[in-house]
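Peer 1: Here you go, one structure.
The values are calculated or read from the model by the stated rules, or taken from the named source; none is laboratory data. The structure displayed is predicted, hence computed values, not measured ones. No Cβ is skipped: glycine too gets one built from the backbone with ideal geometry, and neighbour counts run over all protein chains shown. Heavy atoms of the whole protein, side chains included, go into the accessibility calculation; ligands, DNA and RNA do not. Shrake-Rupley method; radii C 1.70, N 1.55, O 1.52, S 1.80 Å.
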Amino acid sequence: MKDKTKGLLRLLSCAIVIAVVGFITVVGIGGDKTGSMSDVKLGLDLAGGVSITYQAVKENPTQEEMDDTIYRMQQRASQESKESAVYQEGDNRINVDIPSVTDATAVLERLGNAGTIYFIYGKSPDGKQNIIYSAEKQNYILYRELDEIIADGGVVLDGADIVGAEPKIYNTENNLGVQYIVQLNLNDTGREKFANATQYAYSHRTSSSRTNYENLIAIVYDGEIISAPGVINVISDGVATISGQSTFEEAKRLASTIRIGALPLELTELRSNIVGAKLGAEAVKTSLIAGLIGFIIVFLFMIVYYRIPGLSASIALTLYVGLVIIALNIFDVTLTLPGIAGIILSVGMAVDANVIIFTRIKEELATGKTVRSGIKIGFHKALSAIVDGNVTTLIAAAVLYLFGSGTIKGFAQTLAIGIVLSMFTALVVTKYLLVSLYMVGCDKEGMYGVQKEPKQIDYIKNGKKFAVISVAIIAIGIIMMIVNMTKDGDALAYGLDFKGGSSTQVTFEKEMGDSFNQELENYVNQKIGAIPEIVKVQDENSYIIKTRVLTLNEKDELQNGFVNDYGVDAQKITTQNISATVSGEMKEEAVKAVIIATIGMLLYIWIRFKNLGFAGSAVIALIHDVLVVLMVYAVTKISVGNTFIACMLTLVGYSINATIVIFDRIRENIGQKLKKDSIKDIVNLSINQTFSRSINTSLTTLIMILFLAILGVDSVKEFAIPLLAGIICGAYSSICITGNLWYFFNKKKTSEE
């Protein structure tokens, strides 16, 4: 009776927590809905934002100057949002798309006019810069006006020497508060110039005191001094700090001005628009419905298959979704379609952790353990596989965030948030609920199920057959890539993000309605045989239609179609060629991030499993899965864009996690090995023991994405279909490939032939 009362109180506490999280998720905190689902920032593909077009002041800029400016502008725009897109339009224009904002004027003010910036020698008339501590502001402040500075020397640096400028918070010594500074990073040429300049300024001081600021290096932007830091030492490493800002926002503005002034080309604003979601309202709506249906089916599957443990997991997963939404708000994450991929993967991993635990519980009950003991031992035995699987994926997320850019960072953020919260809900919340339900009377063995003896399949014996199947599938992909290159010039159907294309702006005579995006997408697809990317300009009847590069005939076909079928004035149809939004530098960063992430994961596997065969098997299986999904892209000619990057990153995390579970069971069985057990028997046993886990986890994740593929619009299907292939392939490789690979690497170490 005592346990039952305690169990009821525990369940009541869970209900209260879930209710609070649900309230915050739906309603938010306070009148501004902070923390709620409606407060989550959405990317251009889901909610739209501001689109700004700049034009180079220089009449005929070189392509190198344009490319360098686009790359620098991308870094600048990423300060507004990591999901910003910057690309070239025509010969001398640059488009900047920034999501989750609706005030073009405010964005323009923050971006600033892309003028020129110089660092010049300066001198303070009183020989002091007078940086003092203000008790009122709890900070160091600059106690003099910049217009007192006297320029007395030539140019030290210009924009071409600057790599970046970032605002920082510096904790001062002796509890004197904090300083808001700007950290300036220079390239090799700038480093040498600045070293010489600071050496000169430092050696020509009239006082040896470190507080003497007689010699300055003034920062001049568009003819005005915006800052004048004093030289207090020689700076030879190319990294300088500018202090004296009274707030972090002031430091941020100064850093932004320095970055924007460092652009290779001077730019002027040509136009700005508020644009709608790339995917359109209908696509977002159907995606949400698909996700909800998938989640409900997963919920029911877990309860039917795993009974009381499944009920605990389903309740915990509901809490998990609410916590993810709150976390997205707390960490100010901009959610995009690739970000949703990260969440889908983390939901799959959250289900996976529960499946591993419940399978272990059923195994313990099969050995005659009591329900209480089965729960305790099941969680304990599942811990290593859950931790190893999640940590390897977390390593990948951390590396992708540190070394990636744009949507890769967004994917990494949502994936990392999901991983941490999924581990918490599986290991803490699910266990708390399961023990509570046991205490209130759910203590019968039939409520948990007993693991049946798995059918023993000889996977090692069939290893050659599996290898032939894999080689055949990969060969089909390679052949199709060669065929595609022969016919189209590219191995894969590279989309706008990778190859650029044409941007057509059409202004209709009347408002077309919220559902017109889908109609327009289908119409353009019928005309040119490619799925377009469409956004609506807010408060106008204009639509921007981005497609692959159009031929003259296709341009005429589209224009005549709009004129004849929709009554559009031909003068209100304009077409410009645009560059890729994924620059060469961003591609290099993506590849570098994935390589480093893979190496990091494999090093972790090697250290944890103390066997290089585990790491080698994992990387080969990973390459196998990537090649199979590439085959799907090659055969179906699905557009390769930013969603391609998200799909591949999702596959990397999913494949490694599935592999870890089997490796964990092999490691455990080796530790318990009897002399009569051969290494072949151990591998087969381990795969058979984890078979139900592999299938059930793949099935639940598959369900989540299947409904996106069924209900989603064409642009969403382009993302969902390859992901489906990746999940199926990941399940196949984890069951049929990884164990065979590990056996191949390790059989020579035993007495077996």
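Peer 1: Rounded, prolate or oblate: which fits the stretch 451-551 when a ≥ b ≥ c are the square roots of the eigenvalues of the alpha-carbon gyration tensor, with rounded for a/c under 1.5 and prolate only if a/b beats b/c?
Peer 2: It comes out oblate by the Cα gyration axes.
Peer 1: Net charge around ILE607, counting only other residues with Cβ within less than 15 Å of its Cβ (Lys, Arg = +1; Asp, Glu = -1)? Intermediate values should be presented prior to the final figure.
Peer 2: Working: positive: ARG608, LYS610, ARG667; negative: ASP388, ASP664.
Result for the local shell: +1.
Peer 1: If the chain between LYS587 and SER272 were fully stretched, how many nm would it gain, using 0.36 nm times the residue separation less the Cα-Cα distance?
Peer 2: Result: 110.6 nm gained on full extension.
Peer 1: Students often get this wrong, so check it: of LYS168/LYS409; LYS41/LYS82; LYS572/LYS637; LYS487/LYS527, which have C-alpha atoms separated by over 23 Å?
Peer 2: Table pairs above 23 Å Cα-Cα are LYS572/LYS637.
Peer 1: Next question, about the same structure. Modelling each spin label as a point 7 Å along the Cα-to-Cβ direction, I'd like the THR574/VAL471 distance in nm, to one decimal.
Peer 2: 5.8
Peer 1: Hey, can you grab everything whose amide H is under 5 Å from the amide H of VAL163? Only 5+ residues off in sequence or another chain; H modelled, so Pro and N-termini drop out.
Peer 2: Sorted by chain and number, the residues that satisfy this are ASN185, LEU186, ASN187.
Peer 1: How would you classify the stretch 644-733 from its alpha-carbon gyration tensor, with a ≥ b ≥ c the square roots of the eigenvalues: rounded for a/c under 1.5, else prolate if a/b is greater than b/c, otherwise oblate?
Peer 2: Prolate shape, in that a/c is at least 1.5 and a/b is the bigger ratio.
Peer 1: If packing is taken as the mean number of other Cβ atoms within 10 Å per residue, what is the order of 471-484, 316-329, highest first?
Peer 2: The most tightly packed comes first, giving 316-329, 471-484.
Peer 1: Figure the gain on full extension for LYS555 and GLU192 (residue separation times 0.36 nm, minus the Cα-Cα span) and round it to one decimal in nm. Walk me through the intermediate numbers first.
Peer 2: Working: separation 363, 0.36 × 363 = 130.68 nm, distance 5.15 nm.
The span from LYS555 to GLU192 would gain 125.5 nm if fully extended.
Peer 1: Right, next: Using a 1.4 Å probe, how large is the accessible area of LEU552, given in Å² and rounded to the nearest 10?
Peer 2: Roughly 130 Å² of LEU552 is accessible to a 1.4 Å probe.
Peer 1: Modelling each spin label as a point 7 Å along the Cα-to-Cβ direction, I'd like the LYS610/VAL17 distance in nm, to one decimal.
Peer 2: 3.6
Peer 1: Separate question: Going by the alpha-carbon gyration tensor, a ≥ b ≥ c the square roots of its eigenvalues, is the stretch 558-629 rounded (a/c under 1.5) or, if a/c is not under 1.5, prolate (a/b greater than b/c) versus oblate?
Peer 2: Prolate.
Peer 1: Moving on to the next point. What order do you get for 509-515, 740-746, 165-171, 569-575 when each peptide is scored by the mean count of other beta carbon atoms within 10 Å, highest first?
Peer 2: My ranking of the peptides, most packed first, is 740-746, 165-171, 569-575, 509-515.
Peer 1: Could you sort 39-49, 53-63 so that the peptide with the highest average Cβ count within 10 Å comes first and the rest follow in order?
Peer 2: 39-49, 53-63
Peer 1: Something else about it: Can you tell me the FRET efficiency between ILE296 and ILE710 if r is taken as the Cβ-Cβ distance and R0 is 25 Å, rounded to the nearest 0.05?
Peer 2: Details: r = 15 Å, r/R0 = 0.58.
The computed FRET efficiency comes out at 0.95.
Peer 1: Go through LYS409, LYS546 and list them by solvent-accessible area, largest first, probe radius 1.4 Å.
Peer 2: Details: LYS409 40, LYS546 20 Å².
Result of the area sort, largest leading: LYS409, LYS546.
Peer 1: At R0 = 41 Å, how high is the FRET efficiency between ASP3 and ALA398 if r is their beta carbon distance? Nearest 0.05 is fine. Each step should come with its number before you reach the end.
Peer 2: Details: r = 42 Å, r/R0 = 1.03.
Rounded to the nearest 0.05, the efficiency is 0.45.
Peer 1: Moving on to the next point. Does a label point 7 Å from the Cα of ARG372, set along Cα-to-beta-carbon, have any residues of the stretch 432-461 with amide nitrogen under 16 Å, and which are they?
Peer 2: 434-445, by backbone N distance to the label point.
Peer 1: Please work out how much length the chain gains when fully extended from SER78 to GLN456, using 0.36 nm per residue of separation minus the C-alpha to C-alpha distance, in nm with one decimal.
Peer 2: Stretched out fully, the SER78 to GLN456 stretch lengthens by 130.7 nm.
Peer 1: Considering only Cα-Cα distances, which of the following residue pairs are longer than 24 Å: LYS499/LYS555; LYS4/LYS431; LYS461/LYS610; LYS285/LYS546; LYS285/LYS592?
Peer 2: LYS461/LYS610; LYS285/LYS592
Peer 1: On to the next question. Label points 7 Å out from Cα along the Cβ direction at ILE482 and VAL57: separation in nm?
Peer 2: 5.5
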